[in-house]
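Q: Before anything else, here's the structure in question.
The values are calculated or read from the model by the stated rules, or taken from the named source; none is laboratory data. Computed from a prediction, not measured in an experiment: that's the story for all the values here. Because the Cβ atoms are built from the backbone with ideal geometry, glycine has one as well, and the counts that use them run over all protein chains shown.
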Amino acid sequence: MVQRAAGTTGVTVEGFRQIMRDSLPFAAAFGAEIIEMGEGRAVAALPFKSDFLRPGGTIGGPLLMMLADLVVYAAVLSAIGPVELAVTTSLTINFLRKPALFTQGDGEMVAHVVATYSIPPRHRR
């Protein structure tokens, strides 16, 4: 059973980790991790792997897009609860600068993402 935050309908970090284990094996394959969630927000991390680098020594854009999509999904579920059939209908990413290989606590944005989700009606969940 997916864990919900106390007093809310939103999914907790552990609940989302369970969803990842059960339904999002690609995220586990890349090592993505949800660190924080709550009330429509989420924080994620992607551990360094040299396989993720592209020429020029930067993290490949598709990996950043995967991480962005995952963290937006976590943020959505933190607000609406365990609606696993909520899906991305649009994701736009604008890369703003070359990311450092370790960016935790770095206040400068690496990319700006806008995502739209389709959330099924309650009777179809």
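Q: Pairs under 9 Å by beta carbon, first residue more than 22 Å from N94 (Cα to Cα) in region 33-62, partner at pLDDT below 90 and loosely packed, with under 11 Cβ neighbours inside 10 Å, six or more apart or different chains?
A: Cβ pairs passing all conditions: E33/P47.
Q: May I pose another question? Can you find even one residue in region 83-101 that is in a helix (DSSP H, G or I), surrounded by fewer than 17 Cβ atoms within 10 Å (Cβ to Cβ) and either of a type outside the set (A, V, I, L, M) or modelled with pLDDT of 95 or more (or both)?
A: No, that holds for no residue.
Q: Restricting the search to region 35-63, which residues are outside any loop (DSSP other than H, G, I, E, B), closer than 23 Å to A79 by Cα and touching a helix residue (DSSP H, G or I) at 6+ places or on another chain (Cβ under 8 Å)? Spell out the reasoning first.
A: Residues of region 35-63 outside any loop (DSSP other than H, G, I, E, B): 35-38, 41-45, 50-54, 58-59, 61-63.
Now restrict to residues that are closer than 23 Å to A79 by Cα: 35-38, 41-45.
Passing the criteria: I35, E36, M37, G38, R41, A42, V43, A44.
Q: Of all residues in region 66-92, count the ones that are over 12 Å from V114 (Cβ atoms), more than 8 Å from the chain's Cα centre (by Cα) and free of Cβ contacts under 8 Å to residues at least 60 places away in the same chain.
A: Looking only at that region, the number is 5.
Q: Give G10, G57, G61 a once-over and let me know the one that is surrounded by 18 or more Cβ atoms within 10 Å (Cβ to Cβ), over 13 Å from the mean Cα position of the chain (by Cα) and at pLDDT below 95.
A: G10
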